[in-house]
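Student: This structure is in structure tokens; I'll ask about it shortly.
Where a number appears in this text, it was derived from the coordinates with a stated rule and is not lab data. This is a predicted model, so every value here is computed, not measured. Glycine gets a Cβ as well: all are built from the backbone with ideal geometry, and neighbour counts include every protein chain shown.
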Amino acid sequence: MLLLNQRPEHNQPLVAADAESLGVAGSERAEHYLKARHNHAETPLHALPALADELGIAALHVKDEGQRLGLGSFKALGGAYAVIRLVLEEAGKWLGRIVDIGEINDAKVREIASGMIFVCATDGNHGRSVAQGAGLVGARSVIFVHAGVSRERVAAIARFGAEIVQVEGGYDHAVREVARVGAERGWKIVSNTSWPGYERVPGLVMQGYTVIVRETLRHMAEPPTHIFLQAGVGGFAAAIAGHMAIRLGGRRPKAVVVEPGRSACVYASAEAGRPATIAHQQSTVMAMLECAEPSLVAWRVLARVGDAFMTVEEEDAVAVMRRLARPLGNDPAIISGESGGAGLAGLIRAAGDRRMRAALGLDSHSRVLVVNSEGATDAGRYAELVGVRPDDVLMQLA
């Protein structure tokens, strides 16, 4: 399904708060923090000319977040960054001055951090980032996981020293539990979704994601004409599309938001013209995108800079995982998790449909960017779906 954005807000400027959090200065600060981390490295931007030729477009680039900061996901840029920002702000209050990232290991700052507890809900990747960030600064973390989070992903979070709390229901129920318990106990909530009265921290999380755009544009001779961005609560898609709009203005790429057909709360919001909650259906293989309610901040941004909304099916996501592992021609092999290639799945579906191509203006001159948002964060599940283990794919890259 494809829905063009007909909202009156479409193509209007971002509201001031969103323009500030997703703007150039905020993005520069996020990259400044990122470069201070010992394991920082830019993630690769791959050109896939053979696949672009098959799809009838001029160029296809994939920004591969599968190795970001050792966490295997773009989420490494968000939760950990927000945690570090909040610790340094708290230290600044205690010390009566601005505290920069270079002081993160100072004894006094770590003493202040040791008294802080950070909490979030997760499908897997965001919780790992928050736990890692807390560990980096010497704080504690409590991560709420629901029944749909695989044991391997839970174990990966726990390895950073996080306390794990299992809750019934899905991701959205876990978010509500975090809001309730965090408020009761005075913990610092670091959510990647927002709700009335809680917007600043999710804005910081999204600010961290804008680093992806900074890195990408540095390595492209020309900016993309189209971006296909997967969405769960919408924060990632809003951050990338919003920062692109600020950076490029009238030259911004057409932003297409892609969701699983079984869990499309942003698409439903576009249909309704307001943030919409969807009923839980059968679980989707794209587990990191299984959300019933959009982030209010993300929806506010996407209503302005999201040009189209579409859904893909289960088989589309798995087909992309397999295709990237066994590429065409001389295209590089890429390890993509179940949710990582959803944006590419949207492009492939749109490129193969005459009406969608026309509606989106996809043609032989189009330069398309997608983001592989996660690698094989559950190696066993990856092998089950792709038919080869991640290590076997890595051998092709050696």
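Student: Report, as a whole number in µm² per second, the diffusion coefficient that Stokes-Einstein gives for segment 109-196 at 4 °C and 1.567 mPa s using the Kirkwood radius over alpha carbon pairs.
Tutor: D = 102 µm²/s.
Student: Now a separate question. Using only the alpha-carbon atoms, what does segment 344-398 span along each of its principal axes? Please give whole angstrom values in decreasing order.
Tutor: 39, 23, 17
Student: Only sites in a loop by DSSP and with at most 11 other Cβ atoms within 10 Å count here; which trypsin sites (Lys or Arg not before Pro) in segment 9-107 make the cut?
Tutor: Here the sparse-neighbourhood loop sites are Arg97.
Student: What is the angle, in °, between the Cα long axis of helix 342-351 and the longest principal axis of the Cα atoms in the chain? Nearest 10 is fine, range 0 to 90.
Tutor: Tilt of helix 342-351: around 20 degrees.
Student: For segment 8-147, what is the charge dipole size about the Cα centre, in debye to the nearest 20, if Lys and Arg each add +1 at the Cβ and Asp and Glu each add -1 at the Cβ?
Tutor: 620
Student: Quick one: pull the percentage of alpha-carbon pairs in the chain with a separation above 31 Å.
Tutor: Within the chain, distances greater than 31 Å cover 31 percent of Cα pairs.
Student: Given that compact globular proteins tend to follow 2.2 N^0.38 Å, what is the ratio of the alpha-carbon Rg of segment 209-311 to that value?
Tutor: 1.07
Student: Right, here's the next one. In debye, nearest 20, what is the charge dipole magnitude of the chain about its Cα centre with +1 on Lys and Arg Cβ and -1 on Asp and Glu Cβ, if you could check?
Tutor: Around 680 debye, computed over the chain.
Student: Also, I was wondering about something else. With the Cα gyration tensor of segment 173-269 in hand, give its eigenvalues times 5 under a square root as the equivalent ellipsoid semi-axes, listed largest first in whole angstrom.
Tutor: 30, 17, 10
Student: Using each residue's phi in segment 156-164, evaluate 6.51 cos²θ - 1.76 cosθ + 1.60 at θ = phi - 60° and report the 3J(HN,Hα) Karplus result to the nearest Hz, with x for Gly and Pro.
Tutor: Once θ is set to phi - 60°, the couplings for segment 156-164 become 5, 5, 4, 4, 8, x, 6, 7, 9 Hz.
Student: May I ask you to evaluate 6.51 cos²θ - 1.76 cosθ + 1.60, the Karplus curve with θ = phi - 60°, for each residue of segment 206-220 and list the ³J(HN,Hα) values in order in whole Hz, giving x for glycine and proline?
Tutor: For segment 206-220, the Karplus curve yields 5, 4, x, 5, 5, 4, 4, 5, 4, 5, 5, 5, 5, 10, 10 Hz.
Student: Pull up the DSSP beta bridges for the chain and report the antiparallel fraction as a percent, rounded to 5.
Tutor: Restricted to the chain, the bridges split so that about 20 percent are antiparallel.
Student: Alpha carbons only, please: Rg and Dmax for segment 59-214, in angstrom.
Tutor: When restricted to the Cα atoms of segment 59-214, Rg and Dmax are 15.4, 51 Å.
Student: Now for a different question. Ordered by residue, what ³J(HN,Hα) values in Hz, to whole numbers, does segment 176-186 give under the Karplus form 6.51 cos²θ - 1.76 cosθ + 1.60, where θ = phi - 60° and Gly and Pro are x?
Tutor: With the stated coefficients, segment 176-186 comes to 5, 5, 4, 4, 5, 5, x, 5, 4, 9, x Hz.
Student: Now for a separate question. Compute the length gained on full extension between Ser114 and Asn330: take 0.36 nm times their separation in residues and subtract their Cα-Cα distance, giving the result in nm to one decimal.
Tutor: Gain on extension, Ser114 to Asn330, equals 72.8 nm.
Student: Right, another one. In nm², what is the average projected area of the convex hull enclosing the Cα atoms of segment 1-68?
Tutor: Reported value for the Cα convex hull: 7.9 nm².
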